[in-house]
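Comments concern the structure below.
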Amino acid sequence: MTAPAANAVAFDPGLGWRLHHQVSVRPEPFGALLYHFGTRKLSFLKNRTIVDVVKSLDEQPDAIAALRAAGIGDQQQAPYLHALGVLVKSNMLVCKETQ
Amino acid sequence: MTTTERPVPRLVDQFELGLDAPICLTWELTYACNLSCVHCLSSSGKRDPRELSTEQCKDIIDELERMQVFYVNIGGGEPTVRPDFWELVDYATAHHVGVKFSTNGVRINQEVAAKLAASDYVDVQISLDGATAEVNDAVRGPGSFAMAIRALENLAAAGFKDAKISVVATRHNVDQLDEFKALADQYGATLRITRLRPSGRGADVWDELHPTPAQQVQLYDWLVARGERVLTGDSFFHLSGLGEPGALAGLNLCGAGRVVCLIDPVGDVYACPFAIHDKFLAGNILSSNGFQDVWQNSTLFRELREPQSAGACSGCGHYDACRGGCMAAKFFTGLPLDGPDPECVQGYGEPALARERDKPKSSVDHSRSGKRKTPSGPVPLTLLSVPPKKFCNESPV
């Protein structure tokens, strides 16, 4: 039933990422809810900017490019990179190159 | 998970304002049940003749898909006795609405277990209120322990991974927490422990069954020490004042009408599964413009999403932790809603319970009349020699 524990994938912002195909994104006034139908895990995106970033990942060559495209300056990237790292750890995001 | 330059309100504060759709929705498909548990929160037994048809249920699933309600907790009654149960489960999962259903195990035979094992979107939760037949059957009825264990065996044998064993914590099973955990491990299942609410028939037995104050501490300590892989449905937030903030996993918030609600078998929408009473009735799906209309526009839900008064609890240092506890627990024990929970960890509930109380009775009661039959053997199934006098008065099994 539950997907096997995700292999400990390291988040490399220089690589391309996308949402896992079993993840749904539901917009909410504060940001969005993410639900992974495989792991049954719920996650929260706490602002609209990170929602835009996550949604744009698929069409961007790598995570850094997605942040820049969302207007996040290089000095402001740290919290967003951290958030993406958490999503990678919980298997919400998967690496385009290795899948 | 994320931070930004501007401070963002805590998630729990966001949730108290309500969401565009529930995170988690309980849907009771029928009031019919083959058992008659003494603490049944929905006073189930007999089917209600007004229960939603297959088509009406599918319309609701379509709406839940549009609202992106990721999954529903299906219960009852015993949902699997509905003839269209599996059809509805398949319809929901095909429409991106995941299903977790609660059952006493009556229909989980080898064939059903094999079918469930093949699905990626269905979770099964087997109810068990004692780690031994003696403790369990006193609450859930003769033969119910064996029935649940048989279901767990069938699921495990079919290769179904990670079934849930769902336990309501009572005075008689708090000492069995380690045994429950061992049972769960034995069947490759996850243990889920939730709070006994004085809802439905639970109101009649709550005084005798609810854990004592010492047992509440025992339960809390066990959850903190061993509960890392134990689910609680976030139901023990009234105990969070017993330790450090965040020691108990979960949001620690009453989600009634804000992030959760209940759809009952006739399409009535209540603030939460433990609040089947006119006071917490938000509307009916059939007589409104559908579920979304009730969720977003009902007067009751709008009120629940307003800031709530701490009332008598406003001077208490634990209020931030417990938020005054469970609304349904207060209401059905006859305590004021803006005062302490009947199981308040500061002990404020007990003197309140000792005073004269008027316990409100729900008008919704589908209990079968007459006493539960004494054990007659391991197979709780009798053939009718004469037709039942009233269609709904017979066990649906």
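Between A:R18 and B:A157, the simple spin-label model (points 7 angstrom out along Cα→Cβ) gives 4.3 nm.
Note on segment B:91-195: Cα Rg divided by 2.2 N^0.38 Å, N the number of residues, gives 1.05.
Quick one: if you stick a label point 7 Å off each Cα along the C-beta vector at A:A65 and B:A249, how many nm between them? With each label point 7 Å from Cα toward Cβ, the separation is 3.8 nm.
Computed per residue of chain B from DSSP H runs no shorter than four, each worth -39500 (n - 2.57), the mean residue ellipticity at 222 nm is -8500 deg cm²/dmol. The string of couplings for segment B:79-89 from the Karplus curve (6.51, -1.76, 1.60, θ = phi - 60°) is x, 6, 7, 5, x, 9, 4, 5, 4, 5, 4 Hz, one whole number per residue in order, with x for Gly and Pro. The three principal axes of the C-alpha atoms in chain A carry coordinate ranges of 41, 33, 21 Å, sorted with the longest axis first.
Note on A:21-32: average number of Cβ atoms from other chains within 10 Å of each residue's Cβ is 4.
Which residue, B:A32, B:A225, B:A131, has the most motion in a Gaussian network model of chain B that connects Cα atoms within less than 10 Å? Ranking B:A32, B:A225, B:A131 by mean-square fluctuation puts B:A225 first. The distance linking segment B:323-373 with segment B:58-105 is 30 Å (Cα centroid to Cα centroid, whole angstrom).
Diffusion of segment B:1-139 by Stokes-Einstein, at 4 °C in a medium of 1.567 mPa s and with Rh set to the Kirkwood radius over alpha-carbon pairs, works out to 76 µm²/s. When you count the other C-beta atoms within 10 angstrom of each residue and take the mean per peptide, B:317-324, A:67-74, B:71-78, B:292-299 line up highest first as B:71-78, B:317-324, B:292-299, A:67-74.
With neighbours defined as other Cβ atoms within 10 Å of a residue's Cβ, the residues B:V174, B:V217 order from fewest to most as B:V217, B:V174.
Taking only the alpha carbons of segment A:14-59, we obtain Rg and Dmax values of 10.6, 30 Å in that order.
Of the GluC sites (Glu not before Pro) in segment B:289-356, the ones in a loop by DSSP (not H, G, I, E or B) with at most 15 other beta carbons within 10 Å are B:E356. When Rg and the Kirkwood Rh are both derived from Cα coordinates, the Rg/Rh ratio for segment B:57-131 amounts to 0.97.
Couplings for segment B:264-274, taken from phi via the Karplus curve 6.51 cos²θ - 1.76 cosθ + 1.60 with θ = phi - 60°, read 8, x, 9, x, 6, 10, 10, 4, 7, x, 9 Hz in order; Gly and Pro are left as x. For chain B, the C-alpha radius of gyration divided by 2.2 N^0.38 Å, with N the number of residues, is 0.96. Using the empirical formula 2.2 N^0.38 Å as the baseline, the Cα radius of gyration of the protein assembly as shown reaches a ratio of 0.99. Structure remark: mean-square fluctuation, Gaussian network model of chain B, C-alpha springs under 10 Å; the largest value among B:M67, B:M147, B:M327 belongs to B:M67. What shape does segment B:286-367 have by the C-alpha gyration tensor, where a ≥ b ≥ c are the square roots of the eigenvalues, rounded means a/c under 1.5, and otherwise prolate means a/b greater than b/c and oblate the rest? Oblate.
Rule-based calculations on the coordinates, nothing more; no lab input. These figures come from a predicted structure and were not determined experimentally. Positions of Cβ are backbone-derived with ideal geometry, glycine not excepted, and every protein chain shown enters the neighbour counts.
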